[in-house]
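Single-structure report; data block below.
The values are calculated or read from the model by the stated rules, or taken from the named source; none is laboratory data. Since the model is a prediction, treat every value here as computed from it, not as a measurement. A quick note on method: Cβ atoms are made from the backbone with ideal geometry, for glycine too, and the neighbour counts reach across all protein chains shown. Areas reflect the complete protein model, heavy atoms only, side chains present, ligands, DNA and RNA absent. Shrake-Rupley method; radii C 1.70, N 1.55, O 1.52, S 1.80 Å.
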Amino acid sequence: MTRQAFVVPEEWHGERIDKALAELLRRSRSFCADAIEDGGVLLNGKAARKRDLLREGDEIICEFQEPAALSARPEDIPLDVRWEDADLLVVNKPQGMVVHPAPGHAEHTLVNALLRRCDGQLSGINGVLRPGIVHRIDKDTSGLLIVAKNDLAHTGLAAQIQAHTFTREYEAVVHGLLKEPEGLVDAPIGRCERDRKKMAVTLKNARPARTHYSVLQEYQGFTHLRLRLETGRTHQIRVHMAHIGRPVAGDPLYGPLPPVKGLQGQCLHAGKIAFAHPRTGEEISVAAERPQWFEGFLRKLEGK
């Protein structure tokens, strides 16, 4: 059992207790709401309610059970490897595969498959649940992901991402038509205040985010785009496209509901990455063709 105590600072005056606890404990709002419902949170010595509003100087005491620790074990899952050497590999991840273990997805992830394929020889910089993972793509986004087999490769690749010299190109189908054939969305992204599971364009606790796009083909009510990330924020393309009123087709989180019929998640594919090899300096470019489900959706839009 974990026990933590807080005195409410001035900036949390007037906030709901469940929202404030999510920030103070760095937990999800639902986790904090459950802890309150279970009677594990006291506000000034009395059992708290989720709707309680805080005042500066209030005392909060929380007691909660830590969730069971996750671990990753090797699993014999086939991988579509597009490039590999002793330092790194590039995997073409299928739609529907989670990148690393997390609550609700403890098994059958890309990391589980990598542990088997690489016999555990992966960079340890990101810990036991994300060995070798330098950058991520969402569960329902398909395409290319680079994996580091050692810390030298991981550090070198991460530095290129930080310096914006690591190329990541995507293809997507979005709702509606765009006014210009190409453009740039330059808008900071941070955690959504109303829904902690989502990201949003915001100035509060946000980081710079830049997405370049160009039109490949227009259809009735939809546009096929190529996109290039200059930065790599969580859900960046999905958030930016929704921000300009052109959400990614099939996106259940940022798009219109119900999502587009026939799509199992956002129509988004990471089709190209290019980088300098962290050991040799060789320029490497890897591409992955659009998957069948993506091609099928384009044919549907074409009326074929």
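When 232, 245 are screened for being at pLDDT below 95 and within 19 Å of residue 183 (Cα to Cα), only 232 passes. Within segment 212-226, none of the residues are open to solvent by less than 30 Å² (accessible area, probe 1.4 Å) and either within 17 Å of residue 162 (Cβ to Cβ) or assigned to a loop (DSSP other than H, G, I, E, B) (or both). Restricting attention to segment 25-37, and to residues there that are modelled with pLDDT of 80 or more and of a type in the set (A, V, I, L, M), which single residue is nearest to residue 47 (Cα to Cα)? Out of the qualifying residues, it is 36.
Only one of the listed residues (139, 93) is open to solvent by less than 20 Å² (accessible area, probe 1.4 Å) and among the charged types (D, E, K, R). That residue is 93.
Scanning segment 142-151 for residues that are closer than 14 Å to residue 89 by Cβ and open to solvent by 30 Å² or more (accessible area, probe 1.4 Å) yields a total of 2. Just one of the listed residues (116, 130) is crowded, with 18+ Cβ neighbours inside 10 Å and either touching a residue at least 24 places away in the same chain (Cβ under 8 Å) or under 20 Å from residue 267 (Cα atoms) (or both), namely 130. All of 56, 15 fail the test of being acidic (Asp, Glu) and more than 19 Å from residue 198 (Cβ to Cβ), apart from 56.
Pull up segment 59-80, narrow it to residues that are assigned to a strand (DSSP E or B) and open to solvent by 40 Å² or more (accessible area, probe 1.4 Å), then point me to the one that is farthest from residue 280 (Cα to Cα). Break it down stepwise before answering.
Initially, segment 59-80 is screened for residues assigned to a strand (DSSP E or B), giving 59-64.
After this cut, where a residue has to be open to solvent by 40 Å² or more (accessible area, probe 1.4 Å) as well, the list is 59, 61, 63.
Working: 59: 56, 61: 54, 63: 51 Å.
The qualifying residue farthest from residue 280 (Cα to Cα) is 59.
The residue that is least open to solvent (accessible area, probe 1.4 Å), counting only those in segment 1-36 that are acidic (Asp, Glu) and in contact (Cβ under 8 Å) with a residue 12 or more places away in the chain, is 18. Just to be sure, is residue 56 of a type outside the set (Val, Ile, Thr) and open to solvent by 70 Å² or more (accessible area, probe 1.4 Å)? Yes, satisfied. Within segment 39-64, the only residue that satisfies the criterion of being free of Cβ contacts under 8 Å to residues at least 24 places away in the same chain and of a type in the set (D, E, K, R) is 46.
Of everything listed in (1) under 19 Å from the mean Cα position of the chain (by Cα); (2) surrounded by 15 or more Cβ atoms within 10 Å (Cβ to Cβ); (3) without any contact (Cβ under 8 Å) to a residue 60 or more places away in the chain, the single unmet condition for residue 107 is (2). Remark: pairs (first residue in segment 278-300, open to solvent by less than 60 Å² (accessible area, probe 1.4 Å); second residue among the hydroxyl-bearing types (Ser, Thr, Tyr) and assigned to a helix (DSSP H, G or I); Cβ separation under 9 Å; 6+ apart in sequence or on different chains) = 278/155.
Checked against the criterion of being of a type in the set (A, V, I, L, M, F, W, C), assigned to a loop (DSSP other than H, G, I, E, B) and open to solvent by 70 Å² or more (accessible area, probe 1.4 Å), segment 37-49 contains not a single residue that satisfies it.
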